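These notes are about the structure you will find just below.
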Amino acid sequence: MEHEKILNLLVKAGFIKDQDVKKVLKEKKEDEDIFQTLLRLKILSEKDIMNFFQNILPQKIWKEEVSELEVPSHILNSIPQEFMRKYKVVPVKYEKGKLHVIMLNPLNQNLVNEIRFYTKASSVIPYVAPLSTIEKILDKQFPKLGDVLSQIEDTEVEIEKDEEETPIEQLIHATEEAPIVKLANGLIYEAVSMGASDIHIEPFEKKVIVRYRVDGVLRIYHQLPVNIKDSLVARYKIMANLDIAEKRKPQDGRIRIKIEKRKIDLRVSTVPTVYGEKVVMRIQEAERYLNVKLEDLGFEPDDLEKFRRAIWKPWGMILVTGPTGSGKTTTLYSALMERNHPDVNIMTAEDPVEVAIPGINQVQVNERIGLTFSNVLRAFLRQDPDIILVGEIRDYETGDIAIRASLTGHLVFSTLHTNDAPTTVTRLTDMGIEPFLVGSSLILIVAQRLIRKLCPNCKQPHDIPKEALVRLGLIESPDEDIVVYKASEKGCEVCNNTGYKGRTAVHEIMEIDEELRKLIIKGGTADDLRDLAVKKGMRTLYKSGLIKVKKGITSLEEINRVLMQ
């Protein structure tokens, strides 16, 4: 309903006078709802607005208590936080495709249409609620950055300097921008306290968006004014010892900080975009890596036995594959920790060194000065190593040296970015490495993904027909009894209203036996290798995921989101 019509209704109902109408039309800001203008100009109070709707549309008044939002996280996350705060609107209930929202003005059809566009809900049912109620719910659901910053006043956020000191000009620049320093620290502190794995600072035309990846899912947490983007990025560059004057090229660095005596490492990457530099920081906590055992990684008992058998072999190559952020480093570090004894010489070439491990010789690769993976590997072979870790096989040269090292009495660990275990073999041969070298050196390939675990506090039984469970491969016949769980739609406080809490890994483990070795040397395709490996007992990633569903650890929705059948 147009605002002139609403003003006329308010005049007729005796809530405002004709002169008020002129004032409102003159001073109304663009994109501001008419009731927000009336409140800002103090012509109406919250109580007046509620009384007005009580008179003309009593059925549109929200009467239920809102202690928790009964809205799935994907619906809630689809509406930008800035949009909800700006227009004073918040979804409170979702059932059978209908989204119930409370707002200051339920007659604002444009706003209702925008919410439908964001959420893809079949219908949006608007209700009116007092402004204070809406803001209270928003503050609870999305804490303001100011609240977070006030928490870190007495929190120790201490930057650990490397040997190279930051130039004095940069330090002067940083101290002049005290609020920016506090904001930069505050975002890191908030992300770490939420258990996030990544922080994304993304510049756009009219705002800077801050997203955190929590349990593998990215979500917008803050929308900041666009005028702070350069100084915020500069601050992170100073912390990571990067060149603040270079804005045209991507840069990589590292920030080491202490938060409440916890050592936190952040891998920093900057990339120039159309609207400025985007910063992504990968959060890593050293102590977490050092205390993780193979038993904690989500391996099924038979898969753990295969993996453990391989890492205790005297020579050969073990590859861990998967996309970025699938837990490859954690798996490899856990394996190295198990083999880390005084009688074993372990050497690693990494880019970057994720975590310093006592007792292991770690080398940071630096392409700019010619310290490449292949050059470091050549040097390693003259250092009498027992076990070598190559951070990643990126090219023919690195792959060739790593494979030859494994054939000359060394145990070699490395990673590749492939989708599953069988395609890893064809990837190596595509690089130009001879199939007989690949077949002779490989002893085990692990493909892995991370999946979210259901919140144990609020997960619910999922009523799925037995025929569907048979079709999906969860049970062999409809006579089997099984309880499948799903995430609670509204979640709980334990899981931050997402229905999921924490992550675990699913694995596909391909042991290279004599038969598979012969097939690799013959030049068998990935499909041939997969068929043979499955016959020999290899579980695909999807099948491993179904085991986690059977155990009630995760949901079918999560398996289908992350894995392909």
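The values are calculated or read from the model by the stated rules, or taken from the named source; none is laboratory data. These figures come from a predicted structure and were not determined experimentally. Here Cβ is always computed from backbone atoms with ideal geometry, including for glycine, and neighbour counts include all displayed protein chains. Remember, those area values only see protein heavy atoms, side chains included, never the ligands or the DNA or RNA. Shrake-Rupley method; radii C 1.70, N 1.55, O 1.52, S 1.80 Å.
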Roughly how many debye, to the nearest 20, is the charge dipole of the chain about its Cα centre, given +1 on each Lys and Arg Cβ, -1 on each Asp and Glu Cβ, and no other charges?
1600
By average C-beta atoms within 10 angstrom, highest first, the peptides 380-387, 336-343, 322-329, 410-417
410-417, 322-329, 380-387, 336-343
Size-normalised alpha-carbon gyration radius of the range 305-379, reference 2.2 N^0.38 Å:
1.17
Where a ≥ b ≥ c are the square roots of the eigenvalues of the C-alpha gyration tensor, would you call the range 321-422 rounded, which needs a/c under 1.5, or, failing that, prolate if a/b is larger than b/c, or oblate?
rounded
Taking every pair of alpha-carbon atoms in the chain, give the share separated by more than 47 Å as a whole percent.
26
Across the range 88-100, in residue order, what do the Karplus-derived ³J(HN,Hα) couplings come to in whole Hz, using 6.51 cos²θ - 1.76 cosθ + 1.60 with θ = phi - 60° and x for Gly and Pro?
6, 9, 8, x, 10, 8, 9, 8, 6, x, 9, 9, 8
The range 288-329: translational diffusion in µm²/s, Stokes-Einstein, Kirkwood Rh over Cα pairs, 37 °C, 0.692 mPa s
276
Let me check I've understood the local charge: for residue 396, count other residues with C-beta under 11 angstrom from its C-beta, Lys and Arg +1, Asp and Glu -1. What total comes out?
-4
Could you state the accessible area per residue of the chain in Å², with a 1.4 Å probe and every protein chain left in place?
49
Rounded to the nearest 5, what % of the DSSP beta bridges within the chain are antiparallel ones?
65
The percentage of the accessible area of the chain (probe 1.4 Å, all protein chains present) made up of carbon and sulfur atoms, to the nearest whole number, is 50
Projected area averaged over all directions for the convex hull of the alpha carbon atoms of the range 375-506, nm², comes out at 12.5
Cβ crowding within 10 Å averaged over residues, with 233-244, 350-361 ranked highest first:
233-244, 350-361
Using modelled backbone amide H atoms (1.01 Å from N, in-plane), which distant-in-sequence or interchain residues come within less than 5 Å of residue 418's amide H?
322
Taking every DSSP bridge whose two residues both lie in the range 276-420, the antiparallel percent to the nearest 5 is 5
32 Å Cα-Cα threshold exceeded, pairs from 328/518; 23/88; 306/550; 26/98
26/98
Work through the residues other than residue 3 whose Cβ is under 9 Å from its Cβ and net out their charges, Lys, Arg +1 and Asp, Glu -1.
-1
Along the charge dipole of the chain, pointing to its positive end and built from +1/-1 on Cβ of Lys, Arg, Asp and Glu, which listed residue (253, 214, 13) has its Cα farthest out?
13
Which loop-located trypsin sites (Lys or Arg not before Pro) does the range 249-305 contain, where loop means any DSSP state but H, G, I, E or B and the Cβ has at most 12 other Cβ atoms within 10 Å?
261, 293
For the range 26-120, what is one quarter of the convex hull surface built on the Cα atoms, given in nm²?
6.9
When the helices in the chain are scored as -39500 (n - 2.57) per DSSP H run of 4 or longer and the sum is shared across all residues, what 222 nm value do you end up with, to the nearest 500 deg cm²/dmol?
-11500 deg cm²/dmol
Phi to ³J(HN,Hα) by Karplus 6.51 cos²θ - 1.76 cosθ + 1.60 over the range 33-45, Hz, x for Gly, Pro
5, 4, 6, 5, 5, 4, 6, 4, 7, 6, 7, 10, 9
